Amino acid sequence: PMRIVPSDATLMLVGGKDAIRDYALQSQNADGTETDITAEATFFLLDPTLGSFVGNKLTASKEGKTMVRASARGMTVETPLTVRGPVTIVTGGATADAPTKFGGAVDATRAPSIVYPSNGTIVPPNMNLLEFHFQPGAGNTLFELAFAGAGIDVKVYFNCTAVGSGCVYSPDATVWKYVAENGRGSEPVTYTLRGVDGTAPGKVGVSASQQISFGQDD
């Protein structure tokens, strides 16, 4: 009859700072609609060493996994919570050592360019499928797409999946959750693409940064 929002959240500790997130408690009505009863709820973590609540606002300060528990109207409900540091994901055919190949000097002539989505795009956080189209830049075969925002520090490494004269990357469910759920209803998320020759890494091309925003509601 009740559910905690967000459910099964993952919060990131970025730059040594605490992660802060507002929670809500929804009560399901007989007709299938929901009523927000956050004001009636008491929230706390089963492992208080990871953080604490003031009202419905959680401040997490330590990495780990626990449960968020909310009580109201004589009932109790729980949902998982994961608190972790910055995320690095290697996918799309890239080798495990891909993150180590971007230490060269920046070369403007190798810069990849993001074609889609447009800068400033706003999407619902449960969209779950969004392709990033880009021109790879001269000599680049391996790429790093970095997302940065409030509580977001995610770097994804992948090879070019060719589409016409360019490349495309589609975030999987894990990447989408880290970026979209943590960006839900918050400030825009900045993303930047870097490219390098994956077989003979040297100079690095860096795209112009763009922003994407995620709405509060699905």
Exercise for review: Considering (1) closer than 30 Å to residue 193 by Cβ; (2) open to solvent by less than 50 Å² (accessible area, probe 1.4 Å); (3) within 17 Å of the chain's Cα centre (by Cα), say which one residue 107 fails and leave the rest.
Suggested key: (3)
Point to revise | Verdict on residue 174 being assigned to a loop (DSSP other than H, G, I, E, B) and either open to solvent by 50 Å² or more (accessible area, probe 1.4 Å) or in contact with a His (Cβ under 7 Å, 6 or more places away or on another chain) (or both) | key: no
Revision key, fill the gap. Residues of segment 177-186 being buried (at least 20 other Cβ atoms within 10 Å of the Cβ) and either more than 16 Å from the chain's Cα centre (by Cα) or of a type in the set (S, T, N, Q) (or both), in sequence order, are 182
Exercise for review: Return yes or no: is residue 109 of a type in the set (Val, Ile, Thr) and part of a helix (DSSP H, G or I)?
Suggested key: yes
Point to revise | Residue check for residue 83: over 30 Å from residue 22 (Cα atoms) and touching a residue at least 12 places away in the same chain (Cβ under 8 Å) | key: no
Practice item. Select from segment 120-165 the residues that are among the small types (Gly, Ala, Ser) and open to solvent by less than 40 Å² (accessible area, probe 1.4 Å) and list them in ascending order. Key: 137, 146, 149, 151
Check your understanding: Hey, among 189, 168, 196, 206, which residue is more than 15 Å from residue 102 (Cα to Cα), in contact with a strand residue (DSSP E or B) (Cβ under 6 Å, 6 or more places away or on another chain) and surrounded by 18 or more Cβ atoms within 10 Å (Cβ to Cβ)?
Key -> 189
Exercise for review: Scan segment 188-213 and report the pairs whose first residue is without any contact (Cβ under 8 Å) to a residue 40 or more places away in the chain and whose second residue is part of a strand (DSSP E or B), with Cβ atoms within less than 8 Å and a gap of 6+ or a chain change.
Suggested key: 209/190; 209/191; 209/192
Review point. Within segment 50-66, how many residues turn out to be open to solvent by less than 80 Å² (accessible area, probe 1.4 Å) and either small (Gly, Ala, Ser) or over 11 Å from residue 83 (Cα atoms) (or both)?
Key: 9
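The values are calculated or read from the model by the stated rules, or taken from the named source; none is laboratory data. All of these numbers come straight from a predicted model, not from anything done at the bench. Quick reminder, even Gly has a Cβ in these numbers, built from the backbone with ideal geometry, and neighbours come from all protein chains shown. The accessibility values were calculated without ligands, DNA or RNA, using every heavy atom of the protein model including side chains. Shrake-Rupley method; radii C 1.70, N 1.55, O 1.52, S 1.80 Å.
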